[in-house]
Structures are given as C-alpha cells and as structure tokens.
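For reference, the structure discussed in these notes is given below.
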Amino acid sequence: MHSRLAPLLLSLLLVLSACNKEPVIEANGESVTLAVLAPTEGLDGFKGRQAIKGMEWALSLYPLMDGGTGIDLMEVSVADEPAAVSEALRRLAADDKVLAVISLAGSNAMLAAAPLANRLEIPLLAASATNPEIVKGGSYVSQVIYDDSFQGAVAALFVRDDLLIKRVAVVSNPDNPYSRFLAGEFSRKFESIGGEIVEQVHLTGEAANYTRQFRGLHKKDPELIYMTVGTAKLMAVGVALNKLKWRPRLMGPDGALSSLVKQFPKRMKMFEGMLATDVYTRRVPLTRVGKEYSRVGRDVINQLDTFSVLGIEAMAIAARAVMACGEAAATRQCVAGQVRQTRDFSGILGRITIGEDGRAIRPLVINSIKNGAIVYRVRVY
C-alpha cells in the first residue's frame, strides 16, 4: 500500500454575499485528515487518477472550509480488488488521524470492504460503487453515485419506451457481482414492460476472442445488446462484432463511455452510436457549483468526466459533513451520520440527496458516442 499526504482544503458550500462576493475565510491553524482509496495503475487506474484530478481542481478553488479548517488528503493507491481494498481500509481505520475514507473502488471490492467499515466504525463514502448491498448492514457506509436498481431500471425503460426496442440480448460476467446484479435488474425491468430478452450471453474469465459466441447471437437478431462488463471485455466485444461486420445497437453501464474514449480513442469507430448511463455529460446546464469550475479554466471544464466529477462531489459531501460536525472537533460517528443527512446538495449537474439508508438520489444521464466523442441524449431525475 502506497500513500502520500497532500493538503486539500476544500469547501463547496461557500455562501455568496449580497454583493456577489465570496466572504474572506481566515485559516484557523487546524486541519483534519480524509483518506482516498483509489486504483491508479492499469485499466482500473484511469478512474482513480481522474477522481484525484477532480479533487485537485477543488483544492485550487476552495483553499479553506468555512470555519478556516483545512483538510489533509491522504492518498492511498490500491488495486481494485476485495482483499487489497479491505486491507488498506483496515490500516486506515487504525490511524486515529483519519476521520473518513472515500473509495473509488468498484462494487466487488466494496462488497467486501463495507462490512469491515461498519465493524471498525469508520465512515466510508463509495464514490463509484453502485451495488445497493454495500450500504446495508450498518450506518458507516454511504454511496455518492446512484445504485444499480435505479440504473438498470432507467436503462430498460429508455430502451423499451424511448427507443421502442423489444428484442434485446444481455451480456454479463456472472462471476462478477456487479455485472451479474445490474444485468439482472435490467432484464427484470425490461421483461416487466413487454420486452424480450433473446439471450443471456455470459463472458467469464479474462477478455478473449468472442467471435464465435457473437456469431451465434447474430442469428437471433437482437435489436440491441445491453452489456454490464468492464472495459477490457467491452473492447473484446467490439473487436468480435467488427470481425463479423455486425453493427447492432449497443448500450453499456455507468462510466463505460468515459473509460473507452479516454483509453482507446483511436478505436472508437467500433462503438459509434453506443449508449451508456452516466453521472455526467457535457452541453447540459451546470449547477452553481459546476459553473464555479470555469474559474479554474476552460481546460478543466473540457476535461471533466464521470470519475473526476465523482471525485469532486465525494470530497464536497465529506467536507460538508465535517463542517456540520464542528470541523476540527468532528468525530467519525458524527461524520458518518452527517453524510446520511445530505439533502439537496448541489453537485456538478444536479442536486444529490443521501438518505438515512445510505443510498444516493441524484440525476442520471444517458450519453452516446458520436464521431468518437461522448454526446448527451437524455437526463432522468
């Protein structure tokens, strides 16, 4: 486990004065420590690096919390795997300086880490893990992103009611709890509103040559393929479809388009028209907080994506909880409780509420690929 300290003095809760000027905040000499668990290497590392960028942009905008207290950010680079994330969390919980932890790990790792956080009584904010089970069994774990029950239902409704598509194939990895659960939620909702799942395609193990599997699927002529697999498998699916010269409509899960565009920009022709659910999109009016990022520079606005936005919002919610608990006097128990009292918090694209059950209620957008870039289709509240 590698860690480094960097000062992050964050507040997205500044109240503008009547003359539209920000109040001057004086440093009080106090600070608290928040830790961030994030993958930073390999394919999974993309989301961690982008989230950290978002936190750094927040730092450049807001140097102090409202009471003048600073936040030291302890950055912990860790593989997005259950054992690695759990061990890193155990070490952070033993460090009395750490007030709360934000995780960029996915659902699989968080399903293992969440019960541990509740036992060790350390607040854990899941910035990108969408499985609804992670917030159950205790009061110390909360989600910043929407969960898969909502995501799967919205995707199914969009495909059936907006695209008027009836026949769909679902591609998942049954060995992966996230992939399995989201595929199940989509399938149940889609069939309940008159859709037909023509085949469930299971892609287990490492990414491979899927040409044979998709040749067989082609004969069943689905109108759309809904996929809940990771970036490597999405690319392998694209390669297989390209070999078959088959261009069905495609739809993927949260963050899929951001990952593909960033990591494989020269191969996006294979995914032209692909749809995906997401938390962020361009060319949609930003909230007041979102507009504040124009102060950093147009380059920042142009670089915002799913994971940098989640990083910004998770840190903002954590900072709000710390302030509500008295900043330097805050305790872990208080911060965990205040996170679950988040109501109508201004995120980048819309308001975020975190209920007493730890679930986040927030807007969901559907994007697509057009000429190799991500474009907006629709927003759902």
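Figures for the structure shown
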{"read-out": "Residues being surrounded by fewer than 19 Cβ atoms within 10 Å (Cβ to Cβ) and either under 27 Å from the mean Cα position of the chain (by Cα) or outside any loop (DSSP other than H, G, I, E, B) (or both) - total across segment 178-197", "value": "7"}
{"read-out": "Count - residues of segment 151-172 that are surrounded by fewer than 19 Cβ atoms within 10 Å (Cβ to Cβ) and outside any helix (DSSP H, G or I)", "value": "4"}
{"read-out": "Output for segment 337-350, where each listed residue is outside any loop (DSSP other than H, G, I, E, B), modelled with pLDDT of 95 or more and in contact with a Gly (Cβ under 9 Å, 6 or more places away or on another chain)", "value": "339"}
{"read-out": "Filter result for residue 145 (more than 18 Å from the chain's Cα centre (by Cα), among the β-branched types (Val, Ile, Thr) and on the phi < 0 side of the Ramachandran plot)", "value": "no"}
{"read-out": "Test: residue in segment 30-47 that is more than 29 Å from residue 134 (Cβ to Cβ), assigned by TED's automatic domain parsing to the domain that holds residue 110, of a type in the set (Ser, Thr, Tyr) and not in a strand (DSSP E or B)", "value": "no"}
{"read-out": "Flag if residue 100 is more than 26 Å from residue 259 (Cβ to Cβ), touching a strand residue (DSSP E or B) at 6+ places or on another chain (Cβ under 9 Å) and in contact (Cβ under 8 Å) with a residue 12 or more places away in the chain", "value": "yes"}
{"read-out": "Within segment 324-344, tally of residues that are crowded, with 19+ Cβ neighbours inside 10 Å and farther than 14 Å from residue 142 by Cα", "value": "3"}
{"read-out": "Residue list for segment 246-266, filter: surrounded by 15 or more Cβ atoms within 10 Å (Cβ to Cβ) and not in a loop (DSSP other than H, G, I, E, B)", "value": "249, 250, 251, 252, 256, 257, 258, 259, 260, 261, 262"}
{"read-out": "Those residues of segment 84-126 which are in a strand (DSSP E or B) and within 17 Å of residue 331 (Cβ to Cβ), in sequence order", "value": "98, 99, 100, 101, 124, 125"}
{"read-out": "Residue 118 more than 18 Å from the chain's Cα centre (by Cα), of a type in the set (S, T, N, Q), within 29 Å of residue 223 (Cα to Cα) and surrounded by fewer than 22 Cβ atoms within 10 Å (Cβ to Cβ)", "value": "no"}
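The values are calculated or read from the model by the stated rules, or taken from the named source; none is laboratory data. Fair warning: this is a prediction, and the values are worked out from it, not measured in the lab. Ideal geometry is used to build each Cβ from the backbone, glycine not excepted, and the neighbour counts take in all protein chains shown.
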